[in-house]
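What follows draws every value from the coordinates through simple rules; no lab data is involved. Predicted, not measured: the structure shown is a model, and the values here were computed from it. Don't worry about glycine lacking a Cβ; one is built from the backbone with ideal geometry, like all the others, and counts go over all protein chains shown.
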Protein chains: 2
Amino acid sequence: MADNLAISDVARVLGLRTSAIRYYEQIGILPPPVRRNGQRRYEKSVLFRLAVVQRAQQSGFTLDEIRELFFGFRRATRPPKRWHELSERKIAELQLRMKRLKLMQTLLKQMQGCRCNALEECGKKLLSRSSKERNHAYLR
Amino acid sequence: MADNLAISDVARVLGLRTSAIRYYEQIGILPPPVRRNGQRRYEKSVLFRLAVVQRAQQSGFTLDEIRELFFGFRRATRPPKRWHELSERKIAELQLRMKRLKLMQTLLKQMQGCRCNALEECGKKLLSRSSKERNHAYLR
DNA sequence: CTACGAGTTCAAGTCGACTTTAAGTCAAAG
DNA sequence: CTTTGACTTAAAGTCGACTTGAACTCGTAG
């Protein structure tokens, strides 16, 4: 696969629409690429960048967060303190998210075991738990 | 805490706005409650239901999925086969999501270690991996 | 020369999940 | 009585993340 990819090539590899790629450029997730006859030509590195963007989105980050987190500082200059704090928070957030997914999984499994009141019982647990959590503002 | 909760009580306990609760009723996530002088009065069970809804949302389920998954069959009748399959898929989906969060966490940690090209390298790995995955349509 | 396929821009449209606004009802307090 | 505060409805608005549509420009193939 050569460099100088057309926008449709990039789209195909990543499973995106070309409109999404233009949109990313517009909001500063992708840098404006070189042009040939007015058309965008990309180098391979954009594919790696987009792959990270996709995964970060699947991890629940917004495009604004992604821009900040991954492209918010000049490479070759070490991540500044502000970024370090941000990522530290995000790492903790991911940890919490994972715990919650695990709980959700457990609930679904319980429901499968035909514990038909699992829903209500689980709701009770969640409720008492979240009233505790609400005191030390944990997420967002 | 008595039964016969006003909509504002429910909202306060769950940390929602009243408008969200009315919206849930409208789209069938909550059953229409009894009314007193035209006003909605809820029993405690609605709190448990909403707690589950919130967690499911945080786990990445849409409201449509939540309605199907959790309120899509009459309680007391054991979950039908169709539901069982659906939840089986959702459980697998959660597993995949968790794996991805873990990967994301690893990436962030690598970037913290000032491996400033971690981003590009990680992108490469993700890309080669996802071209494999695309063959056995894994999610959605 | 013209027709095509792929690209371009800019503005407007869509979707999910709500929120906001406007106008109205009701019971209890002053 | 009138005011207050909490509720009601229906319709319109918002936000993020794109998509769609209309009108246009290219280079190449016939």
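For the pair segment A:51-70 / segment A:2-24, the C-alpha centres are spaced 17 Å from each other. The count of lysine pairs in segment A:1-115 that are at least 8 places apart or cross chains, and whose C-alpha atoms lie under 19 Å apart, stands at 4.
With a/c under 1.5 counting as rounded, go ahead and sort segment A:1-72 into rounded, prolate or oblate using the C-alpha gyration tensor (a ≥ b ≥ c being the square roots of the eigenvalues; past the cut-off, prolate if a/b is larger than b/c, else oblate). Show your work: numbers first, answer last.
Working: a/c = 1.99, a/b = 1.63, b/c = 1.22.
Prolate, since a/c reaches 1.5 and a/b exceeds b/c.
3J(HN,Hα) along segment B:61-68: 7, 7, 5, 4, 5, 5, 4, 4 Hz, from the Karplus curve 6.51 cos²θ - 1.76 cosθ + 1.60 with θ = phi - 60°, whole Hz, x for Gly and Pro. Summing charges over all other residues whose Cβ lies under 13 Å from the Cβ of residue B:27, with Lys and Arg as +1 and Asp and Glu as -1, gives -2. Close amide-amide hydrogen proximity is noted between residue A:6 and A:42, each under 5 Å apart and 5 or more residues distant or on a separate chain (H modeled in the peptide plane; Pro and chain starts excluded). Sorting the Cα pairs of segment B:1-127 by distance into bins of 5 Å, from 0 upward, gives 2, 9, 15, 15, 12, 11, 10, 8, 7, 5, 3, 2, 0 percent per bin. So if we plug the beta-carbon distance of residue A:117 and residue B:43 into 1/(1 + (r/R0)^6) with R0 = 25 Å, what FRET efficiency do we get, rounded to 0.05? Result of the calculation: an efficiency of 0.95. For segment B:103-111, putting each phi into the Karplus relation 6.51 cos²θ - 1.76 cosθ + 1.60 with θ = phi - 60° gives couplings of 4, 4, 4, 4, 4, 4, 5, 4, 5 Hz, in residue order, rounded to whole numbers and with x for Gly and Pro. For segment B:43-60, backbone phi angles converted through the Karplus equation (6.51, -1.76, 1.60; θ = phi - 60°) give residue-by-residue couplings of 9, 4, 4, 5, 5, 5, 4, 5, 4, 5, 4, 4, 5, 5, 5, 5, 7, x Hz, Gly and Pro being listed as x.
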